[in-house]
């Protein structure tokens, strides 16, 4: 009969060995059964066999208290605090009906960055210099990585402060993050838009058969949909996950308008979810669409099932944005537009509106962003003083100047 596993929150036999004689160092170790059922090797050292054993027992007792007690103290491991913080965040978002994207993003940073670097420290041992070192490692990768990592770490530390495990949030004392040189805003020119759409139509037809000439049927539908998806995104400027969440009832070809009020996300354990609000839990947008796009909207509305998606998957369900994005990546590469992503279409809309002389507020209304976000991420650098430069031509009293 197999030996039963060590109960959760307890440990097995303690082993002790001498590491060195001068100076005398002994190490005691035992396997501890964690809350998730995994066994973890715990080690502590001391100047004698007895001291090493006692140090280990103190640590094992602390771990046991973490599991059997819900109290968080300065002795609680930071990994435990992070897990509880993430659980509370996910619960709060779920109860509020918000997208799980942010809790999932932060949990990824906790699992991949924070716990490996700081997880085994007690709450009292987490210091600003350690937090700063971790954030700067993220900055070596990218500004966005460091920014999200800092936000997740600060959230966990604030949770510890709230429950008395820390006196202050150490993240507040870390270095200021510098964004660095802004990326150039890439958008499609008129000729590029025409060329890309024509190539997507051609590619869509070619993708309906495999290498042996056999028709692929409904599973190849996505390739035929790409030109319409391009038209829809250029007519609205919405994100891919918001566009794919459109139902037939949200399109009125007679107005003509579309209502952008949902987005699609894949949630662990629940699959693809159609959630209320736009990405980032933004309020819905009722957008008038240009007349050239109306035939496409009308055709897709007629073809859609009642209450069903305008851009369905091969089995008439909601299309996964990740899957469609993957097909887009293949299509762009095959068409010679390797630098293009679906977000470039959104930036193209902003660029066209900007070149037409529309104010930032109008562009922000179209994209559903704040004017500040539009200025930073969607508008190209432009001459800011054209009118005043013309006035300055007369600063010496005539248009030519005097030398």
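The values are calculated or read from the model by the stated rules, or taken from the named source; none is laboratory data. Small disclaimer: the values here were computed from a predicted structure and weren't measured. Because the Cβ atoms are built from the backbone with ideal geometry, glycine has one as well, and the counts that use them run over all protein chains shown.
Quick check: anything in region 266-280 in contact with a helix residue (DSSP H, G or I) (Cβ under 8 Å, 6 or more places away or on another chain), assigned by TED's automatic domain parsing to the domain that holds residue 314 and assigned to a strand (DSSP E or B)? Yes: one or more hits. Any chance region 212-220 includes a residue that's outside any helix (DSSP H, G or I) and surrounded by 13 or more Cβ atoms within 10 Å (Cβ to Cβ)? Yes; the residues of region 212-220 include at least one that is outside any helix (DSSP H, G or I) and surrounded by 13 or more Cβ atoms within 10 Å (Cβ to Cβ).
For region 202-217, indicate whether the set of residues that are under 14 Å from residue 337 (Cβ atoms), in contact (Cβ under 8 Å) with a residue 60 or more places away in the chain and under 30 Å from the mean Cα position of the chain (by Cα) is non-empty. Within region 202-217 (the criterion being under 14 Å from residue 337 (Cβ atoms), in contact (Cβ under 8 Å) with a residue 60 or more places away in the chain and under 30 Å from the mean Cα position of the chain (by Cα)), the answer is no, since none of the residues qualifies. Consider region 271-303 and keep the residues that are farther than 30 Å from residue 363 by Cβ and over 18 Å from the mean Cα position of the chain (by Cα). The one that is surrounded by the fewest Cβ atoms within 10 Å (Cβ to Cβ) is 302.
Scanning region 290-306 for residues that are outside any helix (DSSP H, G or I) and touching a helix residue (DSSP H, G or I) at 6+ places or on another chain (Cβ under 6 Å) turns up 290, 304.
Kindly indicate the residue of region 221-250 that is crowded, with 22+ Cβ neighbours inside 10 Å and in contact with a strand residue (DSSP E or B) (Cβ under 6 Å, 6 or more places away or on another chain) and also nearest to residue 352 (Cα to Cα) among those meeting that condition. Out of the qualifying residues, it is 236. Does residue 3 satisfy the condition of being in a strand (DSSP E or B) and over 17 Å from residue 77 (Cα atoms)? Spelling it out, it is not the case that residue 3 is in a strand (DSSP E or B) and over 17 Å from residue 77 (Cα atoms).
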